[in-house]
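One structure coming up, written as structure tokens, with questions to follow.
The values are calculated or read from the model by the stated rules, or taken from the named source; none is laboratory data. Note that the structure is predicted; figures quoted are calculated from it, not measured. Because the Cβ atoms are built from the backbone with ideal geometry, glycine has one as well, and the counts that use them run over all protein chains shown.
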Amino acid sequence: MDFKGLSFKFVFNRKNQKNSKNEFHLQLRITLDREAKYFSLVDLPKIPAKYWSGKENRWVKESYPTGASINSHLITKLSSLNDFLLKGKTTGRVLTFDLIKKEFFKQGDIQTFNKFFDK
């Protein structure tokens, strides 16, 4: 899906850091009106650098033990983002980083859990 002033891209080790295992979390870079923000995908395991290809729809090499499932998860994440954008576009909602973060990178809702626990 292409919206003017908006793009998504999965990135790996964007700061060229080094660590003993050479493994890093994937991040999603969202660019909105020429401003970019990065969101770590902590729900996925860290990926060793040698298995990162960066190619569209095959970000993680198939030789990595869970590479196919990780790529499938990333494709699903992009599809969900595109559906969210389409709904926002049709309803006239203004897209912001906070709105995207709230929708896709939220941690568990503590109030919902508390209500469940009370019952």
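So which residues in region 47-88 are basic (Lys, Arg) and surrounded by 13 or more Cβ atoms within 10 Å (Cβ to Cβ)? First the steps, then the outcome.
Filtering region 47-88 down to residues basic (Lys, Arg) leaves 50, 55, 58, 61, 77, 87.
Result: Arg58, Lys61, Lys77.
So which residues in region 50-98 are assigned to a helix (DSSP H, G or I) and among the aliphatic types (A, V, I, L, M)? Quick ask: steps written out before the conclusion?
Initially, region 50-98 is screened for residues assigned to a helix (DSSP H, G or I), giving 50-51, 67-91, 97-98.
Correct list: Ala68, Ile70, Leu74, Ile75, Leu78, Leu81, Leu85, Leu86.
Search region 18-37 for residues that are part of a loop (DSSP other than H, G, I, E, B) and at pLDDT below 85 and pair each with any residue that is surrounded by 10 or more Cβ atoms within 10 Å (Cβ to Cβ) and not hydroxyl-bearing (Ser, Thr, Tyr) when their beta-carbon atoms are under 7 Å apart and the residues are at least 6 apart or on different chains.
Listed by first residue and then by second, the contacts come to Asn22/Pro48; Asn22/Ala49; Asp33/Gly5.
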